[in-house]
Amino acid sequence: MTQNIADCRKDFPALQQNISGRSLVYLDTAASAQQPAAVIDAVAQYQRENHANVHRGVHTLSHRATELYEGARDKLRAFINASNRTEIIFTSGTTEAINLVAQSYCRPILGAGDQILITWLEHHSNIVPWQLVCEQTGAELIVAPINDDGEVGLDELYALMSDRVKMLAIGHVSNALGTVNPVRRIVERARQHDIPVLVDGAQGMPHMAVDVQGLGCDFYAFSGHKMYGPTGTGVLWGREALLEDMPPYQGGGDMILEVSFDNTVYNELPYKFEAGTPNIAGVIGLGAAVDYLQSLGMEKISAHEKHLHDYMVNKLESVDGVRLIGTADEKASVQSFMLDDIHPHDLGTILDNQGVAIRTGHHCAMPVMQRFGLTGTARASLGLYNNTDDIDCLVVALEKAREIFA
Ligand code: PLP
């Protein structure tokens, strides 16, 4: 395992292959990041040597599995600076974490006249769970607009804050446009109205050091596979006092202390929210991903990606026919664009034929697309393993696409 970002590409087995006869250029990290060998090996080693169910066993393998699983919780606590390991709830991803908060925190307290506040920048995972809970309770979903650069209008957002708002749910970084929201400032403002804040950190965690206490929010949700860990893993961080008061989200094994037909006593945090056998292997892999990110250093990763992002934007602007979508001042690692009137899916296929992997479509953010009068965009997104050669290849591939469509 390398300690140097410039050399870290070799840590990623999937990046050592040719696609369409060329060295793979992977520019789709916002959809899912490739995993370093350290993560793949941690999962494989657990499966080969240590697999058993966690928490309940007295035998050696169960102890080992429990230690590894709970060890990952400790790593995640430290990584996001949570004050207590009880605040780290393992979920299947950001989506489940947000649904958990919508159903367990919001549903019991919402009624007609109450509001949930989100923004136009959100991923569907930070829209639909709130629509569902609004349907269930009679509450109303209200949405703060974005401007032509893809930035949330702060004055408009603040104007929507009132004592009717029972939750503000906002992305840290937009997956469609790469806009970084000024979350700390927004949370401070929400505090003045006693509005709890959930941050969708799916695209924040991979790209910057996250300190949940520093941000001041109440809940922070993220996915393992966006931060170089396995799919089917994620975390809901929540303030202990809030989590304590919330009812369980799902019932089943492990989330109870005692069960009888008359009365069931729920387990303590965090287990109250982890019903059933968890994704043990995945969580252990997520712990290894945290080790990997820490060995490189989140500050160094951010600086590397910022340099690359600026390089990518400059290069894309130099390609005739490219229109950038999402031009906020504060951006992280994602750039959406259109090339002439080429359909993004056609463009994605032509790029794939040249070994360049980008994402095309609505990026699970249809309202963002509607805001720009589009059905979809092409999106290049960066990870810590990318370099300027990757971006040069993207540009060559785009120029080739223009020739093909000329
Ligand atoms: N929120 C954002 C900003 C995302 O980018 C994504 C995934 O693309 C999600 C939420 C949902 O994450 P998952 O599918 O891992 O639950």
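The values are calculated or read from the model by the stated rules, or taken from the named source; none is laboratory data. Note that the coordinates shown come from a computational prediction; the quantities given were computed from them, not determined experimentally. Protein only, heavy atoms only, side chains kept; ligands, DNA and RNA dropped before computing areas. Shrake-Rupley method; radii C 1.70, N 1.55, O 1.52, S 1.80 Å.
The table below gives the values:
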| quantity | calculated |
| --- | --- |
| Solvent accessible area, Å² - Glu122, 1.4 Å probe, full protein context | 0 |
| For Glu140, residues with placed amide H under 5 Å, excluding near neighbours | Gly113, Asp114, Gln115, Ile116 |
| Å² of accessible area per residue within the chain, as computed with a 1.4 Å probe and no ligands counted | 41 |
| Per-bin percent of Cα-Cα distances, region 132-266 [10 Å] | 10, 34, 34, 16, 5, 1 |
| In Å, descending, principal axis extents of the Cα set of region 105-172 | 36, 24, 16 |
| Cys364 accessible area, 1.4 Å probe, all protein chains in place, Å² to nearest 10 | 50 |
| Accessible surface ranking that places the most exposed of Ser125, Ser83 first, with a 1.4 angstrom probe | Ser83, Ser125 |
| 5 angstrom amide H check on Thr91, placed H, neighbours 5+ away | Gly234, Val235, Leu236 |
| Solvent exposure ordering (accessible area, 1.4 Å, most first) of Arg239, Arg48, Arg184, Arg73 | Arg48, Arg184, Arg239, Arg73 |
| Stokes-Einstein D in µm²/s, Kirkwood radius over Cα pairs - the chain at 25 °C with 0.890 mPa s viscosity | 111 |
| Heavy atoms of Met298: accessible area, 1.4 Å probe, square angstrom to 10 | 10 |
| Of Lys166/Lys226; Lys10/Lys306; Lys300/Lys400; Lys10/Lys331, pairs whose Cα-Cα distance is over 23 Å | Lys166/Lys226; Lys300/Lys400; Lys10/Lys331 |
| Relative contact order computed over the chain (Cα-Cα under 8 Å; 6+ residues apart), in percent | 23 |
| Residue order for Leu177, Leu110 - accessible surface, 1.4 angstrom probe, largest first | Leu110, Leu177 |
| Principal axis dimensions, region 155-235 - Cα atoms, whole angstrom, descending | 40, 23, 20 |
